[in-house]
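Okay, here's the structure, questions in a sec.
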Amino acid sequence: MADQDPMQQANDMNDLIAQAAQVQAELQKAQEEILATNVEGQAGNGLVKVTMTGGAELVDLQIDKSVVDPEDVDTLQDLVMGAFKEAHAAAGRLAQEKIGPLSQGMGGQGGPSFEDVFGGNQ
């Protein structure tokens, strides 16, 4: 088995570094797109709506007056939780849509996790 030419090894390493830099740039762009995109979740046929960024930052909460009943706070709480969960799931789908293909392009190994990209628990 012949040893690989040192120049070829250097070229291969440079190619790997260039590919890694390209993937890193694409991940950065995807992260920026995710954070700039708003997603919505709703419950009770739209009576409660939650809007958050793709990074799961809450930016708006709308509650229809018809569900504000001081005698039935539990239902309102359930609707808010349901809308929040739906919006949070939409944020996760957005992240997977933007970042998933990039990590798959790296062979599915060594790609960043959601926590790596967004810096912790979101």
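Checking the cross-link filter: which lysines have an alpha carbon closer than 24 Å to that of Lys29, excluding same-chain neighbours under 8 positions apart?
Those lysines meeting the cut-off are Lys98.
Quick one: which of 84-97, 24-37 comes out on top by average Cβ neighbours within 10 Å, and what's the full order, highest first?
84-97, 24-37
Modelling each spin label as a point 7 Å along the Cα-to-Cβ direction, I'd like the Met81/Gln8 distance in nm, to one decimal.
Going by the 7 Å Cα→Cβ label model, 6.3 nm.
What is the packing order of peptides 59-67, 46-54, taking the mean over residues of other C-beta atoms within 10 Å and listing the highest first?
Ranking the peptides 59-67, 46-54 by packing returns 46-54, 59-67.
Taking one equal scatterer on every alpha-carbon of region 34-107, how large is log10 of I(q)/I(0) by Debye at q = 0.15, 0.17, 0.27 1/Å?
-0.53, -0.63, -1.09
Taken together, the values in this text are just the output of simple stated rules run on the coordinates, not laboratory data. Please read all numbers here as calculations on a predicted model, not as lab measurements. Note that each Cβ is placed from the backbone with ideal geometry, even for glycine, and that neighbours are counted across all protein chains shown.
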